[in-house]
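The values are calculated or read from the model by the stated rules, or taken from the named source; none is laboratory data. Note that the structure is predicted; figures quoted are calculated from it, not measured. All Cβ positions, even for glycine, are placed from backbone atoms using ideal geometry, and neighbour counts span all protein chains on display. Only protein heavy atoms, including side chains, enter the accessible area calculation; ligands, DNA and RNA are left aside. Shrake-Rupley method; radii C 1.70, N 1.55, O 1.52, S 1.80 Å.
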Amino acid sequence: MSTGSGADSAPAPTTLDKTIHPSKNSMFSSLRIRNYRLFATGAVVSNTGTWMARITQDWLVLSLTGSSAAVGITTAMQFLPMLLFGLYGGVIADRFAKRSLLFCTQGAMGLGGLFLAAMTLSGHVQVWHVYVTAFFTGLVTVVDNPTRQSFVSEMVGPDQVRNAVSLNSANFQSARLIGPAVAGVVTAAVGPGWAFLANGLSFLAPLTCLALMRTSELTHSPLAPRRGKGQLREGLGYVRAHPELIWPIVLIGFIGTFGFNFPIWLSAYADDVFHGGSGLYAAFTTLMAAGSLIGALLSARRRSARLRMLAGAAGLFGVLLVAVAAVPNAYVFAALLVPVGAIGLTVNVTANSSVQMATDPEMRGRVMSLFMMVFVGGTPLGGPLFGWLADTYGVRVSFALGGLVVAVASAAVGLMLARAANLRLQVDLRRGHQHVRFVPRERVLTPAA
């Protein structure tokens with residue numbers, strides 16, 4: 001039974017200043033909802049297992065082949081399905097009940113982890129086993145990602161979407177801090193196979209929590225026809241017709257492709273610029289994750305999801321990348337990675353929540369699949385490009401150029417959002433007045449008194 005049918009018929013927001021107000025403004029307000037509390041509990045366990053598997057997987061491939069290129073192939077295998085089939089995952093997410101789909105996807109991911117554990121523990125593992133498992137996991141993620149994203153609104157309702165999205169990010173970043181450390185200890189003590197086994201078994205947690213949910217308390221979204229034609233084209237047309245959707249997705253595409261190449265940049269800074277080796281790279285990564293966790297928790301406290309805030313935060317993120325690129329001191333560079341992580345996460349949360357809330361429930365799976373495809377799918381494109389730039393012109397040039405592209409794209413998208421909302425940029429240099437602001441076009445045309 002639906003408990004929030006009014007959300008299904010709510011019109012999409014059409015202004016730049018559209019806000020979303022939760023009924024209770026606190027950092028952990030979504031956790032008051034039993035179904036979401038179960039969801040978050042299962043997610044933190046499986047996310048920790050996933051991060052254990054990621055670190056162990058890369059180490060295993062390197063030990064089997066001695067090739068960094070082979071590690072890169074493993075990463076490509078994980079992200080390629082999202083780039084190729086991401087939109088179809090959204091169609092599937094809109095056709096079926098999301099809780100039922102999550103039972104299938106989470107179970108399939110657990111089986112993938114158990115397969116790799118069996119191959120490793122038996123001593124028969126080969127590098128192609130890892131490739132196949134990575135590609136299989138990527139295929140499952142094509143459906144799992146938009147389903148999980150859109151299932152959030154069914155659990156918490158429209159008033160708490162931003163808070164829940166922020167807490168999901170905090171959950172993921174917490175696992176990012178814990179998982180690699182646990183993987184290192186387990187791998188060193190008993191071998192990589194046991195880390196893969198822990199990952200496979202970790203999916204029992206979300207499966208159990210999904211089973212314990214009260215379905216009567218979910219706000220069920222209308223389902224698309226299972227055999228309807230043109231549903232993918234319908235989803236793309238829907239996004240194209242709504243500027244409050246298309247421009248945030250365009251912006252997140254630029255950020256994912258040009259601004260989130262940190263594995264390349266941070267490893268190069270640690271090794272080539274500051275000569276600190278793998279230990280310094282690990283420290284840089286940890287500080288980025290800590291900043292992201294802080295950004296997620298701060299985002300959870302905000303009462304609004306404004307598109308002008310998205311453009312402003314993205315612009316600040318790009319400018320900060322350009323500034324950090326020139327820092328000559330390793331300690332200052334490391335300290336600045338905390339705000340870089342916090343602002344980058346703020347951009348992601350704001351884009352995610354604003355797109356979800358601007359989308360009709362029956363279209364949410366397809367829209368969120370496009371969002372994730374654009375964001376994650378840029379990694380196989382941006383990674384090689386900025387790796388080549390780092391090798392050819394130096395990592396500082398690569399880092400700064402990525403930030404510059406993000407800053408320019410943010411300014412352009414901000415202006416397009418303002419135009420869609422019938423706003424214009426007004427500059428007023430008089431003392432005591434707000435110097436830069438967006439105002440309705442009619443007010444710009446009115447002579448000053």
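Converting phi to 3J(HN,Hα) with the Karplus coefficients 6.51, -1.76 and 1.60 and the offset θ = phi - 60°, the stretch 92-107 yields 5, 4, 7, 8, 10, 4, 5, 5, 5, 4, 5, 4, 5, 5, 5, x Hz in sequence order, with x at every glycine or proline.
Within the accessible surface of the stretch 50-168, defined with a 1.4 Å probe on protein heavy atoms only, the carbon and sulfur portion equals 71 percent. Taken one residue at a time, the phi angles of the stretch 187-198 give Karplus couplings (6.51, -1.76, 1.60, θ = phi - 60°) of 4, 5, 7, 10, x, x, x, 6, 5, 5, 5, 4 Hz. Gly and Pro are set to x. Surface exposure of the stretch 38-140, expressed per residue as accessible area with a 1.4 Å probe, stands at 43 Å². With all protein chains kept in place, the per residue accessible area of the stretch 165-263 amounts to 46 square angstrom at a probe of 1.4 angstrom.
The overall shape of the stretch 193-332 is oblate: from the C-alpha gyration tensor, with semi-axes ordered a ≥ b ≥ c, the ratio a/c is 1.5 or greater and a/b is no larger than b/c. Note on residue 216 and residue 240: the extension gain reaches 5.2 nm, defined as 0.36 nm multiplied by sequence separation minus the Cα-Cα distance.
With both labels modelled 7 Å from their Cα along Cα-to-Cβ, the residue 103 to residue 190 distance reads 3.1 nm.
Taking all protein chains as shown and a probe of 1.4 angstrom, residue 65 keeps an accessible surface of around 60 Å². Annotation: per residue accessible area for the stretch 264-393 equals 36 Å², rounded to a whole number [probe 1.4 Å, protein chains only]. Within the stretch 125-230, report the trypsin sites (Lys or Arg not before Pro) that DSSP leaves as loop and that have at most 13 other Cβ atoms within 10 Å. Passing sites in the stretch 125-230 are 214, 226, 227, 229. For the stretch 112-264, the relative contact order comes to 32 percent (Cα pairs under 8 Å, sequence separation of at least 6).
Expressed as a whole number of Å, what is the distance separating the alpha-carbon centroids of the stretch 242-311 and the stretch 317-388? When both Cα centres are located, 5 Å separates them. When peptides 405-413, 369-377 are sorted by average Cβ neighbour count within 10 Å, with the highest value leading, the order is 369-377, 405-413.
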